[in-house]
Amino acid sequence: MLLNRRSHVKPVSQHKVLNMKLASLKSGRDGRLVVVSEDLTRYTDAGRIAPTLQAALDDWAKCEPQLRALYQSLEAGAVPVERFRERECASPLPRAFQWADGSAYVNHVELVRKARGAQMPETFWTDPLMYQGGSDCFLGPREDIEMADDETFGIDMEAEVAVIVDDVPMGASPELAASKIVLIMLVNDVSLRGLIPAELAKGFGFFQSKPSSAFSPVAVTPDALGEAWDGGKLHLPMLVSLNNEPFGKADAGKDMTFDFGQIIAHAAKTRPLGAGAIIGSGTVSNKLDGGAGKPISQGGDGYSCIAEIRMIETIENGSASTPFMKFGDQVSIQMRDADGHSIFGRIDQKVTRYTGP
């Protein structure tokens, strides 16, 4: 149902920096591209410019100015609009040619190794870790995390920032790599902690322990983040709740050892990255007074994954007491601007039992 073109419209300042928010409504394999209002209440169809976000990324130099003009018309009330509902969204890219996840917060890696009594190589502070994830089937922001009849897999969320890039040439410098970032979003990089040790012991990396990830309803251009985006880091709290209780509010810009320019350049060291490649930051993790973080209930900024609090419990008490997620548990991930408004929309997922094809 079309809304009144002028309803809920805020005047557009002549001097306002023109940002942009994009989403993909569920439709076919690759979604239907729409432009979303700044306050996430309205959208207008972008099909006349590009049918899907990947199609827009494939010809970004041409499509970007047209999409920005459409966004301006949307904010001015000059185009037909419909009500934006986050539950109707697929991932901004329902599938992608590339999904590579880094580990930019070395504090997180240090805790993992310390909890199992392993020394962390000094190179971890200078050479980013990265794995290549499954990109053929992302979850929508409100889709369940389905598990096949087994809670013993150690089901965990990982709240992260992710960027979508334009074509990045092989051997790109961090500065050039950073300039190729076209969109930013949030991600729940679901991990099955119980399966990770056996996979890593094979010496060949993650696979079964990394099921489908879920991305925020909306992807935004860097300029939509204002001063919170410095070109390589996003300086805002990552708000995580577990079963409707605050679980984490770690600042995504703090304690980030490698910025996105460095992570992207690492990924492109020996091969180019195609337009639409997604690069993740790894689990957002903060230190507290130079040491391990604390739960929100104890005055800390909490955590972006369950594994981290379990590591700290193991270090301090000899064993972990916080359980991983069970069937029926619900995780929520979002980020708000300085005025308290949601920027990317909310990832909100429940763990459910997979019943088979």
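What follows is calculated from the coordinates using simple rules that are stated; it is not laboratory data. Remember, predicted model here, so these are calculated numbers, not experimental data. Because the Cβ atoms are built from the backbone with ideal geometry, glycine has one as well, and the counts that use them run over all protein chains shown.
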(message) Taking a ≥ b ≥ c as the square roots of the Cα gyration tensor eigenvalues, with a/c under 1.5 meaning rounded and otherwise prolate when a/b beats b/c, else oblate, which class fits region 200-357?
(response) rounded
(message) Just to be sure I follow the definition: excluding the sites themselves, where is the longest run in the chain that has none of the trypsin sites (Lys or Arg not before Pro) in a DSSP loop with at most 15 other Cβ atoms within 10 Å?
(response) 117-201
(message) To test your reading of the geometry: what angle, between 0 and 90 degrees and rounded to tens, separates the Cα axis of helix 106-115 from the longest principal axis of the chain?
(response) 30
(request) State, in angstrom, two size descriptors of region 273-342 derived from its alpha carbons: Rg to one decimal place and Dmax to the nearest whole number. (result) 15.6, 47
(message) Restricted to Cα positions, what overall size does the chain have along the principal axes? Three whole-Å values, descending.
(response) 62, 45, 43
(message) Report the per residue volume, in Å³, of the convex hull enclosing the C-alpha atoms of region 185-252.
(response) 140
(request) Averaging sequence separations of C-alpha pairs under 8 Å and six or more residues apart, then dividing by the length of the chain, give the relative contact order as a whole percent. (result) 21
(message) How large is the direction-averaged shadow of the alpha-carbon convex hull of region 141-222, in nm²?
(response) 7.2
(request) Take the Cβ-Cβ distance between residue 82 and residue 336 as r, set R0 to 30 Å, and report the resulting FRET efficiency rounded to the nearest 0.05. (result) 0.80
